[in-house]
Structure formats: C-alpha cells, structure tokens
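Here is the structure we will look at, set down as structure tokens.
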Amino acid sequence: MEISAEELTPGVIKITLAGRMDLVGTNEIETKFAGIVAKPDTSFIVDLSSVSFLASLGIRTLLLNAKAVARKGYKFVMLNPASGVDTILKSAGIDALIPVYGDIDAALADMLAIDN
Amino acid sequence: MNVPISYSIRLRNDRAELQRVGIWINKTGEQLGLPVNLIYKLDVCADEALMNVIDYAYDDDESHEIDVRLSRLGQLINLEVEDDGKEFIATCEPSPLDGVALEDAPIGGLGLHLIHSLMDECRQVRRDGKNLLILSATIDGSTR
C-alpha cells in the first residue's frame with residue numbers, strides 16, 4: 001500500500017492512500033500516516049479513491065488518525081471512496097463520524113469556511 | 001438436479017495467510033461469475049471471519065488448518081469458514097460507532113457487525129469439534 005501527502009493550501013494537506021487497506025497494507029502505512037497527521041495546525045483530506053479494499057483494520061487506522069487530529073481542534077475528512085469502500089464506511093457508520101466528500105473543492109471550501 | 005459449483009482453500013491459523021485468501025476470493029468470485037460488488041463484500045467478510053478465528057479460536061501455539069469454501073447454486077452464494085478452534089458464536093452486533101461522537105468512538109469491535117451487515121444470512125454450526133460459519137448472499141441482493 002502507498003501513502004503520499006500534498007499541501008493544498010497552508011493549513012490543509014491532502015493524504016492519498018492507494019492499494020488494499022488490509023492487514024499488510026495497514027501495517028505498511030500506519031507509521032507514516034500517524035507521522036503526517038502529527039503536523040500541527042493542519043487539517044487533512046484523505047483521498048480514498050485509489051483504495052481497493054477496506055475492512056475493520058483499515059477503519060481502525062482511519063479512526064485513530066481522525067481522533068488524533070480532532071483532539072488538536074482540526075479537521076479530518078474523507079474524499080471519493082470507491083463504491084465498495086463507501087459501502088463499508090456506511091455499514092460501519094464511519095461516515096457519521098468522519099465527513100465524506102465526493103468533490104475536493106467542496107471539501108476544501110468547507111474546511112476553509114470552518115477555519116474562518 | 002442443480003449441483004453447486006464450489007471451490008475451497010486451506011490455510012494455517014496465521015495472519016500472513018490472509019493476503020493469499022484475499023487473492024483467492026477475488027479470483028474464485030470471477031470464476032463463479034459474481035458481480036464485483038458482491039466479490040468485494042465476500043472479500044471483506046472472509047477477512048473479518050478469518051481474523052476472528054486466527055486471533056481468538058486457539059489457546060495454543062500450534063499450527064491449525066482452516067478451510068474456506070466459496071460456492072454458487074444459481075443466485076445463492078455461500079461462503080463457509082470451518083475451523084477446529086474453541087466454540088465461538090458470531091453474534092449479530094450493532095455497530096459500536098452508532099450514536100457516539102468521534103472522541104468517544106471505540107477503536108475495534110467492528111468485524112462481526114460488518115459481516116452481519118454485508119451478508120444476507122449468517123449461520124453457525126458446531127459439529128465434530130469444529131466451528132462452521134456459513135455466510136450467504138444472493139446475486140440479486142448484491143445490488144443493494
């Protein structure tokens with residue numbers, strides 16, 4: 001599994017995940033994921049469009065990082081989950097805790113509006 | 001008389017085996033002509049069910065065998081997981097995330113809930129010292 005980060009605007013980073021977020025995939029990225037979200041004064045948009053598999057271990061990783069960001073008073077949202085991943089997020093009820101956007105402009109606009 | 005088409009795989013009680021099963025589920029699902037979204041659900045349920053067996057079914061450090069079978073009879077799909085671990089009841093649980101705020105959300109406990117919500121039916125049998133978990137779905141139902 002792969003993870004990359006890109007600053008979209010000061011204070012907002014897009015994290016892109018790609019691959020299977022299963023046991024192996026989660027182990028591959030979780031340390032780097034935690035390191036990225038440790039950045040202070042920053043909100044995060046997590047792009048899930050290239051995630052091909054998500055089960056409870058992956059959800060656990062998303063939750064841990066979302067909580068860490070929320071504790072600092074910043075936002076952690078998800079972007080464009082593929083159909084199967086979206087089904088899992090809804091079945092687990094994650095979408096009620098971590099906002100899901102289908103459009104990055106909308107996600108960014110909401111984040112900047114909240115920050116203002 | 002209709003006869004189900006069935007494929008099986010055997011694995012050890014080792015988390016490292018899960019990736020191999022995931023590949024097998026996807027390949028076998030295609031061979032059975034299943035829609036992509038149903039294959040995905042079966043992939044997730046197999047992963048969750050096997051993780052439970054591997055993590056909780058055994059109190060020893062011995063190597064055990066777990067059998068997974070995927071079969072199709074018409075529109076009905078069965079995913080079976082059979083192990084020789086201690087008796088386990090995969091009860092249907094609501095999501096532990098229902099009605100909680102992010103800061104109070106528990107980490108973990110989602111596996112059984114996902115299995116029950118993704119499959120049409122979940123049955124368990126204990127026979128000859130083995131647990132048999134049977135998860136069923138219909139191809140038509142996979143469009144939901």
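When the residues of the stretch A:96-116 are narrowed to those that are touching a Phe, Trp or Tyr at 6+ places or on another chain (Cβ under 8 Å) and at pLDDT 90 or above, which ends up nearest to the other protein chains (Cβ to nearest Cβ)? Steps first, answer last, please.
First, pick out the residues of the stretch A:96-116 that are touching a Phe, Trp or Tyr at 6+ places or on another chain (Cβ under 8 Å): A:98, A:107, A:110.
If we keep only those that are at pLDDT 90 or above as well, we get A:98, A:107.
Working: A:98: 7, A:107: 17 Å.
Result: A:98.
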Return the residues of the stretch A:78-95 that are crowded, with 19+ Cβ neighbours inside 10 Å and more than 9 Å from chain B (Cβ to nearest Cβ); say none if nothing qualifies. A:78, A:79, A:80, A:81, A:89
Residue count, the stretch B:36-69 (criterion: closer than 17 Å to residue A:91 by Cβ and either in contact with a Ser or Thr (Cβ under 6 Å, 6 or more places away or on another chain) or among the charged types (D, E, K, R) (or both)): 6
For the stretch B:20-28, check the following and say yes or no: at least one residue is farther than 30 Å from residue A:76 by Cα, modelled with pLDDT of 95 or more, surrounded by fewer than 21 Cβ atoms within 10 Å (Cβ to Cβ) and away from chain A (no Cβ under 13 Å). yes
Could you tell me whether any residue of the stretch A:21-34 is more than 10 Å from every other protein chain (Cβ to nearest Cβ), under 24 Å from residue B:117 (Cα atoms) and either in a strand (DSSP E or B) or hydrophobic (A, V, I, L, M, F, W, C) (or both)? yes
Is one or more of the residues making up the stretch B:109-123 within 14 Å of chain A (Cβ to nearest Cβ), under 22 Å from residue B:3 (Cβ atoms), under 14 Å from the mean Cα position of the chain (by Cα) and without any contact (Cβ under 8 Å) to a residue 40 or more places away in the chain? yes
Residue A:4 fails exactly one of the following numbered conditions: (1) away from chain B (no Cβ under 14 Å); (2) in a helix (DSSP H, G or I); (3) of a type in the set (Ser, Thr, Tyr). What is the number of that condition? (2)
Number of positions in the stretch A:29-51 that are within 23 Å of residue B:41 (Cα to Cα), surrounded by fewer than 20 Cβ atoms within 10 Å (Cβ to Cβ) and not hydroxyl-bearing (Ser, Thr, Tyr): 0
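How many of the residues in the stretch B:53-72 are surrounded by fewer than 20 Cβ atoms within 10 Å (Cβ to Cβ) and under 16 Å from residue B:119 (Cβ atoms)?
Number satisfying all stated conditions: 3.
Check the stretch B:72-87 and report whether any residue there is at pLDDT below 90 and over 20 Å from residue A:93 (Cβ atoms).
Yes, some residue in the stretch B:72-87 is at pLDDT below 90 and over 20 Å from residue A:93 (Cβ atoms).
The values are calculated or read from the model by the stated rules, or taken from the named source; none is laboratory data. Computed from a predicted structure; not experimentally measured. Because the Cβ atoms are built from the backbone with ideal geometry, glycine has one as well, and the counts that use them run over all protein chains shown.
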